[in-house]
1. Against the condition assigned to a loop (DSSP other than H, G, I, E, B) and of a type outside the set (A, V, I, L, M, F, W, C), how does THR139 come out, does it pass?
2. Quickly run through region 36-72 and pick out the residues that are outside any strand (DSSP E or B), in contact with a Phe, Trp or Tyr (Cβ under 6 Å, 6 or more places away or on another chain) and closer than 19 Å to ALA236 by Cβ.
3. When only residues in region 173-216 that are out of contact with any His (no Cβ under 8 Å at 6 or more places or on another chain) and aromatic (Phe, Trp, Tyr) count, which is nearest to ILE84 (Cα to Cα)?
4. Kindly provide the set of residues from region 251-273 that are farther than 15 Å from LEU137 by Cβ and exposed (fewer than 15 other Cβ atoms within 10 Å of the Cβ), ordered by number.
5. Residues of region 2-40 being among the β-branched types (Val, Ile, Thr) and buried (at least 23 other Cβ atoms within 10 Å of the Cβ), which ones?
6. Kindly indicate whether VAL276 is touching a residue at least 40 places away in the same chain (Cβ under 8 Å) and closer than 18 Å to ALA194 by Cβ.
7. I'm trying to understand the selection: among the residues of region 196-211, which are out of contact with any Gly (no Cβ under 8 Å at 6 or more places or on another chain), over 18 Å from LEU141 (Cβ atoms) and either free of Cβ contacts under 8 Å to residues at least 60 places away in the same chain or outside any loop (DSSP other than H, G, I, E, B) (or both)?
8. When you scan region 147-157, do you find a residue that is modelled with pLDDT under 95 and in contact with a strand residue (DSSP E or B) (Cβ under 8 Å, 6 or more places away or on another chain), even just one?
Amino acid sequence: MTKRVLGIIGGSGVYNIDGLENPIWRKMEGPWGQPSDELLFGTFAGVEMVFLPRHGRGHIQTPTTINYRANIDALKRAGVTDIISVSACGSLKEELPPGTFVIVDQFIDRTFAREKSFFGPGFVAHVPMAHPVCPYLSTALVEAAAQENIRHAKGGTYMCMEGPQFSTLAESHLYRSWGCSVIGMTAMPEAKLAREAELPYALVAMVTDYDCWHPEHEHVTVDAVIKVLMENAANARRLVTTVATRLGASRKPSPTGIETVLDVAVMTAADKRDPVLTAKLDAVAGRILK
């Protein structure tokens with residue numbers, strides 16, 4: 001058993017965590033640029049927690065301008081051992097109305113304007129993503145949602161689009177035909193980078209609207225989204241503190257071996273690795289570089 005440090009990435013409307021003991025905001029420095037904001041450190045029910053608002057306090061970053069690499073690197077440097085991410089999204093299924101929390105288990109990545117890997121020329125690695133979330137964390141989230149009487153769904157595919165515009169009607173129908181459950185703009189490459197950093201990751205997709213496919217909800221408006229978003233944010237803050245209590249201060253490794261995934265992912269021979277890139281990977285891949 002090792003100590004758990006639970007990282008929380010807050011989505012739209014979730015800019016802090018209520019009830020943290022000894023809360024303090026700290027600026028984190030790293031080689032990938034500036035993260036979205038300072039990190040909030042504190043404890044809840046004996047569990048060390050580190051919170052990062054994905055868009056920055058005041059919502060200043062777009063889904064595309066978020067520095068996902070800096071965010072994940074900062075959480076790794078802060079000692080985080082597990083990440084729970086919360087993200088606003090649209091529903092692509094009738095049975096997932098606004099207010100539903102979907103504990104996602106799959107992703108489709110349709111983004112195209114973002115840096116998606118810590119690795120590159122001079123240090124090549126290919127991490128497996130067949131099962132992109134940690135089942136242990138996801139199960140704890142389902143149980144916590146049930147405990148808090150939050151409407152939720154276990155499992156679902158998150159379709160990640162580039163944004164910042166919402167979908168066209170044709171796109172919305174296309175993604176529904178693919179069997180996607182929800183659509184959002186921020187889970188990728190976040191989940192991929194967490195995997196490269198050997199951090200177990202789980203996502204709560206908070207439904208704010210029906211995208212534009214629903215005949216009774218054809219137009220997604222910011223006003224309508226924000227109203228539900230604020231209600232979801234209050235539930236999200238309850239959810240993350242409840243799940244922290246359920247997980248506890250001690251942890252076991254993820255059942256899918258996420259903490260050692262780089263053992264079978266790195267392709268570049270040690271004597272051929274680019275020293276500049278290697279130095280930037282000191283936190284993300286520090287375990288295999290020692």
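1. It is false that THR139 is assigned to a loop (DSSP other than H, G, I, E, B) and of a type outside the set (A, V, I, L, M, F, W, C).
2. Let us first name the residues in region 36-72 that are outside any strand (DSSP E or B), namely 36-38, 45-46, 54-72.
Next cut, in contact with a Phe, Trp or Tyr (Cβ under 6 Å, 6 or more places away or on another chain) only: 38, 57, 69-70.
Of everything in region 36-72, just one residue is outside any strand (DSSP E or B), in contact with a Phe, Trp or Tyr (Cβ under 6 Å, 6 or more places away or on another chain) and closer than 19 Å to ALA236 by Cβ, namely ARG57.
3. Top of the filtered list is TYR201.
4. THR260, ASP263, VAL264, MET267, ALA269, ALA270, ASP271, LYS272
5. Matches in region 2-40: ILE8, ILE9, VAL14.
6. no
7. First, the residues of region 196-211 that are out of contact with any Gly (no Cβ under 8 Å at 6 or more places or on another chain): 196-198, 200-204.
Still in the list and also over 18 Å from LEU141 (Cβ atoms): 196-198.
Residue satisfying the conditions is GLU196 alone.
8. Of the residues in region 147-157, the ones modelled with pLDDT under 95 are none.
No: zero hits.
The values are calculated or read from the model by the stated rules, or taken from the named source; none is laboratory data. This is a predicted model, so every value here is computed, not measured. Ideal geometry is used to build each Cβ from the backbone, glycine not excepted, and the neighbour counts take in all protein chains shown.
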